[in-house]
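One structure is given here, and the rest of the page talks about it.
Laboratory data are not the source of any read-out in this text; all were calculated from the coordinates shown. The structure displayed is predicted, hence computed values, not measured ones. Heads up, the Cβs are rebuilt from the backbone with ideal geometry, glycines too, and the neighbour counts pull from every protein chain shown.
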Amino acid sequence: MAMANDGTKEYDHANDGSWQMLSGCVKDFRNKPFPTRAKIEYYMNTLTVLFHNGMTNSDQDYEICLRVENLFLPKAGYFGISAATGGLADDHDVLYFLTTSLYPPGSQPPAPSVQVPKLSQEEEVKLTKEYQEFQKKLDLQKEEYKKDHPDAENEFDDWFESDSQRELKQIFSGMSQIFDQVKLISQKIDEVVGRQERALGLISTLHQSGGVPQQVVAQQGLPPPSQPLTTDTIRRHEVDAVLSNQNSIIAQARELKGYLMDIVRKTDSLSQQGGGGAPQSQETTDMLREIKEGMGSLRQQVPLSAPQSCPTCITPLVLFLAFFGHLVVMFVYLLYRDNKGAQAKKFY
């Protein structure tokens with residue numbers, strides 16, 4: 001969130017600054033493979049905040065968070081960063097905090113000349129001795145710590161990754177490549193849609209005017225439309241080809257989306273099981289999903305027609321006798337099977 005404060009206002013922690021907020025956004029920044037980044041720009045009395053979610057390490061994946069215009073800040077001030085937004089501050093690590101100056105074109109002041117102070121030979125010798133003494137103290141403290149804590153974990157244990165970490169890293173790299181390809185396909189689709197709209201607009205203009213538009217004639221310096229002109233315009237089969245290419249690109253994008261969802265499900269299962277392979281419950285879930293889809297397709301195939309009245313071909317007495325006969329046969333079969341089982345037990 002963005003809040004304009006001239007030093008006399010106090011942040012409303014009870015309401016999370018809802019009535020003091022100029023603008024803001026909600027982003028997820030925890031537990032990301034790469035550091036999250038924020039780019040704050042104040043130029044020509046306009047504040048713009050861009051956010052990087054940390055899912056990739058590319059500088060092209062910034063997303064706009066907020067933009068506030070007509071915001072006038074004083075010329076003198078300080079830059080700072082803090083994680084305290086309430087009673088207890090969060091634990092965050094700041095990797096770097098960089099500041100640059102922006103000037104309108106033609107108003108950039110000349111860079112000041114910086115003179116590095118030179119140290120005398122005595123000061124260099126003194127600083128070198130201090131550094132060597134500190135290094136010796138550090139080595140002695142390391143040896144004492146090893147003697148006092150012989151069972152401490154070795155720092156080299158974290159240098160090697162486990163099988164589960166390797167599998168998750170491979171899956172994440174594959175997902176990142178798929179995400180980049182989907183993003184590229186989305187850009188290509190936007191370009192194709194734009195070209196299609198321009199082509200359709202040109203076709204509609206040709207149909208309405210019955211010839212070359214007046215603007216095109218004026219721009220190209222052609223003679224007036226009263227004279228017959230033979231111009232090479234877009235044809236119907238070319239439009240159909242553009243539409244078919246667009247449909248194929250959309251189909252490929254949907255297929256990539258399906259692959260991406262499958263990889264996400266496998267990633268969740270690996271993270272839950274610790275990289276030990278897909279559990280048996282996942283196979284059961286897939287089987288139940290297939291059965292559900294099959295039942296849904298069968299239900300759609302059944303025609304939704306009105307129920308017809310069943311013909312009365314037999315009397316209730318005949319139906320009852322047939323049912324009673326089935327019961328007698330089943331009872332006799334069960335008795336026969338029990339006798340066979342008892343004889344087999346006596347024989348053995």
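A few remarks follow.
- Eligible lysines near residue 32 by straight Cα distance, threshold 21 Å, same-chain separation 8 or greater: 169, 183, 266
- Dipole size of region 1-103 about its Cα centre, with +1 on Lys/Arg Cβ and -1 on Asp/Glu Cβ: approximately 200 debye, rounded to the nearest 20.
- Packing, as the average of other Cβ atoms within 10 Å across residues, places the peptides 34-47, 6-19 in the order 34-47, 6-19, highest first.
- At R0 = 25 Å, FRET efficiency that the Cβ-Cβ distance of residue 186 and residue 208 yields, to 0.05: 0.15
- Gyration tensor (alpha-carbon) shape descriptor, region 1-103, a/c threshold 1.5: oblate
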